[in-house]
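Nothing in this text is a laboratory measurement; each read-out follows from the coordinates by a stated rule. None of the values given here were measured: they were computed from a predicted structure. Note that we place each Cβ from the backbone using ideal geometry, even for glycine, and neighbour counts take in every protein chain shown.
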Amino acid sequence: MQRTAQIERNTLETQITVSLNLDGTGEASFDTGVPFLDHMLDQVARHGLIDLSITAKGDLHIDAHHTVEDVGISLGQALAKAVGDKKGIYRYGHAYVPLDEALSRVVIDFSGRPGLVYNLAFARARIGEFDVDLFQEFFQGLVNHAGVTLHIDNLRGSNAHHQAETVFKALGRALRMALETDRRMAQRIPSTKGSL
């Protein structure tokens, strides 16, 4: 069974395409018009062993808000489509990732229930040209459309770039753990309810 998805999202503000393979090797290609977002998405793909391609054209003449949020929405839709009925997956994933002085923890549950707990106080408001407030919009869009519960905690860090990078690397690792298939589960759904 191939766990792949292709998503197109077209609005008056953005035009986005996402292609992913959950059983990939971390091959990645990004062109969102927001270079720091591309850099962070690359962390997810490579550390999650997810083949991921995202292109976006957005109203960047206004700001990056719509593009970043809609990329999160589209990625969430692609994850939900690719994982399907969730039979045989581990369901839960977690990771701690350090980078120099920064340390973050990400915990995910493919529960079918969107929820975001976001504890990330950045050391500064911008990383280059990127407004760090947009990360919360990205993650909210992702959880709403992937149907996952996501806890993000930056435990320490004084360099905003390092803080962000540890979060996205940890997200990739947590996804990798949650989406692995467990041969003992075979075709069972990992829930006492019988559905997720």
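The order of the peptides 50-61, 133-144 by mean Cβ neighbours within 10 Å, most packed first, is 133-144, 50-61.
Cα extents for the chain along the principal axes, largest to smallest and rounded to whole angstrom: 47, 39, 28.
Charges were assigned to the Cβ only: +1 to each Lys and Arg, -1 to each Asp and Glu. The resulting dipole of the chain about its Cα centre is roughly 1160 debye. From most to least packed by mean Cβ count within 10 Å, the peptides 180-187, 166-173 give 166-173, 180-187. Considering only His145, Gly33, Ile127, and ranking their Cα positions along the charge dipole of the chain that arises from unit charges at the beta-carbon of Lys, Arg, Asp and Glu, the one farthest toward the positive end is His145. The aspartates and glutamates within cross-link reach of Lys87, meaning a Cα-to-Cα straight distance under 17 Å and a gap of 8 or more places when in the same chain, are Asp23, Asp109, Glu180, Asp182. Relative to the first principal axis of the alpha-carbon coordinates of the chain, what is the inclination of helix 65-83, with its axis defined by its Cα atoms, in degrees from 0 to 90 and to the nearest 10? Between the helix axis and the principal axis of the chain, the angle is about 10 degrees. The long axis of helix 134-146 is offset from the longest Cα principal axis of the chain by roughly 20 degrees. For the stretch 4-179, the antiparallel share of DSSP beta bridges with both residues in that region comes to about 80%.
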